[in-house]
Amino acid sequence: MRRSIRYLLALVLALLLAVFIIQSIAYPTLLQYERFEHVMARFAYTRETLIAFVTLSLWLLYIQIDLKRFSMIYVYLFYSVYLFLLFVVLFTKAPHYHTFNWELFDFVVRDKKVLMEAMLNVLYFVPLGGLYGFKANAVEFVVISLLTIVGIETIQYAFYIGTFALSDILLNFIGCTIGYLMFRKLQSIR
């Protein structure tokens, strides 16, 4: 009975956190891009679907932490959807955009949109760092995550779908590191 109540409370908290993340951070930032706005407008329940995905991901993660075991089915399902969403966000923002940005801290400004974009750049890569935490030691993690991030930035630039930005590399790496450290901490609890 106590476990059921705990899980119900965890579901409510996961829902509140998901609503906050989608409503306050993700949606306003994504709607800045004309292509995203058109795509999201085509599907009546885009916002609700994103909230449901984040809620279920957080809730099921909590349950697995509580049970001290991870289901590989959860991991496969989560990362299948996550990698698809990451691909959409990274490679469909701009229809024809091609530039370099060499400023490492261009996100340190008093502009809410820029700060939200920076926060999303960190959040997007937390799950990827967690994925690398399954098998990679610290050195392998640094090499793999930096190669992945620099590869993404290069693809965005080379195919005219984004900016090659040093600040994005920094923010994405911070997100990966948070995910990696969180996963390592979870592994030590088991």
**Message:** So, in segment 35-55, exactly how many residues are without any contact (Cβ under 8 Å) to a residue 12 or more places away in the chain, out of contact with any Leu (no Cβ under 7 Å at 6 or more places or on another chain) and open to solvent by 60 Å² or more (accessible area, probe 1.4 Å)?
**Reply:** 8
**Only one of 130, 162 that is touching a Lys or Arg at 6+ places or on another chain (Cβ under 7 Å), within 27 Å of residue 49 (Cβ to Cβ) and among the small types (Gly, Ala, Ser)** = 162
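So in segment 1-34, with the set limited to residues that are of a type in the set (Phe, Trp, Tyr) and not in a loop (DSSP other than H, G, I, E, B), which one is least open to solvent (accessible area, probe 1.4 Å)?
Of segment 1-34, the ones of a type in the set (Phe, Trp, Tyr) are 7, 20, 27, 33.
This time we only want the ones that are not in a loop (DSSP other than H, G, I, E, B), so: 7, 20, 27.
Values: 7: 36, 20: 112, 27: 20 Å².
Among residues in segment 1-34 that are of a type in the set (Phe, Trp, Tyr) and not in a loop (DSSP other than H, G, I, E, B), the one least open to solvent (accessible area, probe 1.4 Å) is 27.
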**Message:** Here is a list: 2, 6, 69. Which entry is more than 16 Å from the chain's Cα centre (by Cα), of a type in the set (Lys, Arg), under 21 Å from residue 185 (Cβ atoms) and at pLDDT 85 or above?
**Reply:** 6
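Take the conditions of a type in the set (A, V, I, L, M) and loosely packed, with under 11 Cβ neighbours inside 10 Å and apply them to residue 73. Does it pass?
Numbers: of a type in the set (A, V, I, L, M): yes; loosely packed, with under 11 Cβ neighbours inside 10 Å: yes.
Here the answer is yes, as residue 73 does meet what is asked.
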**Prompt:** For the subset of segment 24-48 comprising residues that are of a type in the set (Ser, Thr, Tyr) and more than 16 Å from the chain's Cα centre (by Cα), which member is modelled with the lowest pLDDT?
**Reply:** 33
**Message:** Would you confirm, using the coordinates I've provided, whether residue 108 is surrounded by fewer than 16 Cβ atoms within 10 Å (Cβ to Cβ) and either within 21 Å of residue 87 (Cα to Cα) or without any contact (Cβ under 8 Å) to a residue 24 or more places away in the chain (or both)?
**Reply:** yes
**Message:** Only one of 86, 120 is surrounded by fewer than 17 Cβ atoms within 10 Å (Cβ to Cβ), modelled with pLDDT under 95 and under 18 Å from residue 33 (Cα atoms). Can you tell me which?
**Reply:** 86
**Asked** When residues of segment 125-165 are filtered for being free of Cβ contacts under 8 Å to residues at least 40 places away in the same chain and in contact with a strand residue (DSSP E or B) (Cβ under 8 Å, 6 or more places away or on another chain), how many remain?
**Response** 2
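The values are calculated or read from the model by the stated rules, or taken from the named source; none is laboratory data. Being a predicted model, the structure only gives us computed values, none of them experimental. For neighbour counting, all protein chains shown are included, and Cβ atoms are generated from backbone atoms with ideal geometry for every residue, glycine included. The area values use the complete protein model at the heavy-atom level, side chains included, leaving out ligands, DNA and RNA. Shrake-Rupley method; radii C 1.70, N 1.55, O 1.52, S 1.80 Å.
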